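Here the structure comes first, spelled out in structure tokens, and everything after it is commentary.
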Amino acid sequence: MRRLVRDMAPVLALFACEGRRRLWTGAALAAATVLAGIALLGLSGWFITATAIAGLTTATALAFDVFMPSSGIRLLALGRTAARYGERLVTHDATLAVLAGLRERLFRGWAAPGAAGALMLRPARLLFRLTVDIDALDVLYLRVLVPLAAALVTALAAGVTLGLMQPLFGLAVLGFLIAAGIGLALAAARAAGPGMRRRAQATETLRARVIDLMQGQTELVMAGRLGAQRRAIAAADARLAAAEDRLNRIDLLAGFGYGAASAVLLAGVLVVAGGLAESGRIGAPVAALALLVALAAVEPFAQLRRGAMELPRSLISARRLGPRLDPPPAPPAAPLPEPGFAAQLQGVGLRHPGAARAVLAGITLELRVGERLALIGASGAGKSSLLALLAGEAAPEGGRIARSPACLMTQRSELFRDSLRDNLRLAAPGADDARLLAALEAAGLGPEVAALPAGLDTRLGEDGLGLSGGQARRLALARLVLHDAPLWLLDEPTEGLDAATARDVIARLQPCLAGRSAVIATHIRREAALADRLVHIDQGRIAAIHARGSAGFASALAGLRPD
């Protein structure tokens, strides 16, 4: 129980923060709907029975008032309909608001330095967290808390109503409803726990394997593993089907249990109400009312069954997402460098979590305003890690970093399935179309975008599908121009481009760099030629620094990969 409270606390706190008034209003409307339904059924039973008895003689038929009960029935029917509509509207609106807040918090957590990169190593898990895990949490309110509140109010109302006929009768019905209704729900939730865990694992495995198949078809065919991957998907699907079958069996047993409890309750109420009617303590119409009230009181508990079955899945989601709901601690802002400098590093080191060896050690480097540095060295020497430190994407293990506001252009151009306009506005949300077009012109995409029928409204596919590699790189450059940071960090900006496109990108980078400082990680000659100094990094340390015009600069530049 303690673990359950610990796992659910962050999620329940989020429910309490996001739209608390709507949550309570939705629960109240759900209770009003159930109470109106019970009153409607009970009054209808009383009215039909009383009318039948009154019709046995002319005198009672003429004296019986049919207008008041029929008016009450109409009022309850309309009230039940209105309450049901309001309940669905308010509860779903409240739930969607909570889930929207949950997604925002998760995105903020994953936007913390290092978190998104670690999660993207398993994209299927990221997809699962953002979709299935979040959607599973709507069960807590819509199918557990609201039905539970309505069921408890219903049990109390039924107990009070029947208690007015005979106090022990009301207490017995109230106790039976709570014990059987909640007991069966808890038993169903406990029995469904292992099956829900297996279903969640099988579903996640199935999605991961299908994504691997879709994204790696070429590699699987070349390795001769396509058939094996298909068999692995079939095996995961079989495990999922087995888990679903077990859960369906539990659900059927729970339904049978609620049906049996309803039959036992109705039989008991029939015996007691019949005895009270026979003794003259209540009339036949009141006995009919008692029977129908008991019948209606079981319905909310039966509705709780579905939520109880899904509750273990919600607990799994809460356990997975709970640690990410707390806002990540804001990384300490890097101090500004001394006047005349864009960045200053003194004795800086970097070690990745769990790594035995530091990636960078003893880095001392200064970058003046308007100066351009090129980081050169073998792959894995630490060039990209140094850029991550300067960008604030990684925290140093020691030393001191002071830098101006920086913008990092990575090797991969992250483009989204959206319009050109919205892909550009990631860098400048408030930019108007004129500014966007100017940035595209500076990056060399102006004429091509102007030639598109939809212009800035042109939709891109996943990962920028619809653009060539050169166009995607220019679009990333346009975003860099829009960001307007005084310090640019470029990680192999022309890698993977053909020679003509690369020369064009380099030519357009030079005027954009005017007045800015830049650090370029590269092993290509054409990129390093932009620099005023070459910084040779070897095994995480600065091996040499060569200024432009020196023999070392020319020698180091000649040793890089040609264009």
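The values are calculated or read from the model by the stated rules, or taken from the named source; none is laboratory data. What you see is a predicted model, and the numbers here were worked out from it, not measured in a lab. So basically every Cβ, Gly included, is an ideal-geometry build from the backbone, and we count neighbours across all protein chains shown.
Can you confirm whether residue 51 is surrounded by 12 or more Cβ atoms within 10 Å (Cβ to Cβ) and either at pLDDT 80 or above or more than 20 Å from residue 152 (Cα to Cα) (or both)? For residue 51, the condition - surrounded by 12 or more Cβ atoms within 10 Å (Cβ to Cβ) and either at pLDDT 80 or above or more than 20 Å from residue 152 (Cα to Cα) (or both) - is met.
Among the residues of this structure, residue 345 counts as one that is buried (at least 17 other Cβ atoms within 10 Å of the Cβ) and under 12 Å from residue 389 (Cβ atoms).
Okay, residues lined up against (1) among the aromatic types (Phe, Trp, Tyr); (2) surrounded by 22 or more Cβ atoms within 10 Å (Cβ to Cβ); (3) over 19 Å from residue 385 (Cβ atoms):
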residue	(1), (2), (3)
478	no, yes, yes
489	no, yes, no
501	no, no, yes
505	no, no, yes
510	no, no, yes
515	no, no, yes
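For the stretch 224-244, the criterion of being in a helix (DSSP H, G or I), closer than 29 Å to residue 290 by Cβ and under 29 Å from the mean Cα position of the chain (by Cα) is met by none of the residues.
Of all the residues in the stretch 541-555, those that are under 22 Å from residue 359 (Cβ atoms) and in contact with a helix residue (DSSP H, G or I) (Cβ under 8 Å, 6 or more places away or on another chain) number 1. Among the residues making up the stretch 367-389, those that are crowded, with 17+ Cβ neighbours inside 10 Å and part of a strand (DSSP E or B) are 367, 372, 373, 374, 375, 376. Filtering the stretch 153-190 to residues that are within 27 Å of residue 243 (Cβ to Cβ) and either free of Cβ contacts under 8 Å to residues at least 40 places away in the same chain or surrounded by fewer than 20 Cβ atoms within 10 Å (Cβ to Cβ) (or both) leaves 182, 183, 186, 187, 190. Residue pairs whose Cβ atoms lie under 6 Å apart, sitting 6 or more positions apart in sequence or on different chains, and linking a residue in the stretch 532-546 that is on the phi < 0 side of the Ramachandran plot to a partner that is aromatic (Phe, Trp, Tyr), are 534/553; 546/553. Among the residues making up the stretch 393-423, a single one is in a loop (DSSP other than H, G, I, E, B), of a type in the set (Gly, Ala, Ser) and under 30 Å from residue 456 (Cα atoms): 413. Scanning the stretch 296-316 for any residue that is surrounded by 19 or more Cβ atoms within 10 Å (Cβ to Cβ), β-branched (Val, Ile, Thr), over 40 Å from the mean Cα position of the chain (by Cα) and closer than 30 Å to residue 174 by Cβ turns up nothing. Scanning the stretch 202-215 for residues that are in the same structural domain as residue 242 (by TED's automatic domain parsing), exposed (fewer than 14 other Cβ atoms within 10 Å of the Cβ) and on the phi < 0 side of the Ramachandran plot turns up at least one hit. The residue that is modelled with the highest pLDDT, counting only those in the stretch 57-74 that are surrounded by 10 or more Cβ atoms within 10 Å (Cβ to Cβ) and not in a loop (DSSP other than H, G, I, E, B), is 74. State yes or no: is residue 198 at pLDDT below 85 and of a type outside the set (A, V, I, L, M)? In short, no.
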